[in-house]
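Visitor: Before anything else, here's the structure in question.
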Amino acid sequence: SESKPSIIAAGPDGALWFTRAGDDRIGRITTDGDQDSFELRSGSAPFGLTAGPDGAMWFTAMGSGVVGRISLDGEIDDVVVPGGMPSMITAGPDGALWFTLNATNAIGRVEPSGVLTVRPVPTPGAGPVGIAATHDDAVWFAEILADKLGRIPTDDAIQELDLPGKPHAVLADPAGGVWVSLWGAGQVARVSADGDVATIDLPAGSEPHGLAIGADGALWVALEDGHVLRLPTFE
């Protein structure tokens, strides 16, 4: 599709929202199957998307360097313009939005009021991509170019854990810690809140990317080889 759908997220209105990098739009599908979309500025290339703490959807625009807010009525505001290719975004445990700045090797935090804070990633050229918030008041992110996983207690310094295999997506585990797709290693890793790592080997050449926990409690993995894989979670 020319619209190039990227990230999908559930909205507070019960609809599914998604970014369309190919035609610079945010799309929405209601539970009744009705579809509409909201236009951004040309060249925005929206990518990351999440429901915010204020009842709106928040998105990143890699092309224009914007972190924006879209109300459920489709009203769009460019809240901050940090530049640096903002990529994935998540609602943090502190009521702010956290996002990765892929090109400037940093993690950004923006409050719904627009107050922006940027923290550099300790490892140079780490290429942060995926990001997720967990119930232990921390934000975790993947450093795909450094083979590391980062963790930020919201009021403390960035911690890093070696995790070879080009970590890409990060997902909060309801049982604690996070799941991480290891794109380069063909594995999925579960990392506990204490930093213990357990891995699952996937079929050769699968190249895992996106992650989600299903209604059945299982882990679902999107594979670049064209499959979606279901994995029973383990304690």
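Visitor: Checking Thr134 against (1) at pLDDT below 95; (2) surrounded by fewer than 20 Cβ atoms within 10 Å (Cβ to Cβ); (3) under 30 Å from Val81 (Cα atoms): exactly one of these is not met. Which one?
Guide: Checking Thr134 against (1) at pLDDT below 95; (2) surrounded by fewer than 20 Cβ atoms within 10 Å (Cβ to Cβ); (3) under 30 Å from Val81 (Cα atoms), the one that fails is (2).
Visitor: When you scan segment 184-194, how many residues do you find that are in contact (Cβ under 8 Å) with a residue 40 or more places away in the chain and either out of contact with any strand residue (DSSP E or B) (no Cβ under 9 Å at 6 or more places or on another chain) or not in a strand (DSSP E or B) (or both)?
Guide: Of the residues in that region, 1 qualify.
Visitor: Additional query: Among the residues of segment 40-56 satisfying the criterion of being open to solvent by less than 50 Å² (accessible area, probe 1.4 Å), part of a loop (DSSP other than H, G, I, E, B) and touching a Pro at 6+ places or on another chain (Cβ under 9 Å), which is farthest from Met85 (Cα to Cα)?
Guide: Gly55
Visitor: Then there is this: Could you please find all residues in segment 19-36 being open to solvent by 50 Å² or more (accessible area, probe 1.4 Å) and of a type in the set (Lys, Arg)?
Guide: Of everything in segment 19-36, just one residue is open to solvent by 50 Å² or more (accessible area, probe 1.4 Å) and of a type in the set (Lys, Arg), namely Arg25.
Visitor: Test Ala175 against the stated conditions and say whether it is open to solvent by 20 Å² or more (accessible area, probe 1.4 Å) and more than 16 Å from Gly130 (Cβ to Cβ). Talk me through it step by step, then tell me what you get.
Guide: Details: open to solvent by 20 Å² or more (accessible area, probe 1.4 Å): yes; more than 16 Å from Gly130 (Cβ to Cβ): yes.
Against the criterion (open to solvent by 20 Å² or more (accessible area, probe 1.4 Å) and more than 16 Å from Gly130 (Cβ to Cβ)), Ala175 qualifies.
Visitor: Something else: Within segment 196-235, take every residue that is of a type in the set (S, T, N, Q) and free of Cβ contacts under 8 Å to residues at least 60 places away in the same chain and give me the one that is most open to solvent (accessible area, probe 1.4 Å).
Guide: Thr199
Visitor: Please note which strands (runs of 3 or more DSSP E) are completely contained in segment 57-110 and include at least 1 residues that are open to solvent by 20 Å² or more (accessible area, probe 1.4 Å) and at pLDDT 95 or above. Working first, answer last.
Guide: On the way: elements: 57-61, 66-70, 76-80, 86-91, 97-101, 106-110.
The qualifying strands (runs of 3 or more DSSP E) are 66-70, 76-80, 86-91, 106-110.
Visitor: Do any strands (runs of 3 or more DSSP E) lying entirely in segment 121-182 carry at least 1 residues that are under 16 Å from the mean Cα position of the chain (by Cα) and in contact (Cβ under 8 Å) with a residue 40 or more places away in the chain, and which ones are they? Step through it out loud before you land on a result.
Guide: Working: elements: 128-134, 138-143, 148-153, 159-162, 167-172, 178-182.
Those strands (runs of 3 or more DSSP E) span 128-134, 138-143, 148-153, 167-172, 178-182.
Yes or no, residue by residue, for (1) closer than 17 Å to Met88 by Cα; (2) assigned to a loop (DSSP other than H, G, I, E, B); (3) open to solvent by less than 50 Å² (accessible area, probe 1.4 Å); (4) at pLDDT 95 or above:
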| position | (1), (2), (3), (4) |
| --- | --- |
| Ala9 | yes, no, yes, no |
| Gly14 | no, yes, yes, no |
| Trp17 | yes, no, yes, yes |
| Phe38 | no, no, yes, yes |
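The values are calculated or read from the model by the stated rules, or taken from the named source; none is laboratory data. What you see is a predicted model, and the numbers here were worked out from it, not measured in a lab. Neighbour counts run over all protein chains shown; Cβ positions are idealised from the backbone, glycine included. Remember, those area values only see protein heavy atoms, side chains included, never the ligands or the DNA or RNA. Shrake-Rupley method; radii C 1.70, N 1.55, O 1.52, S 1.80 Å.
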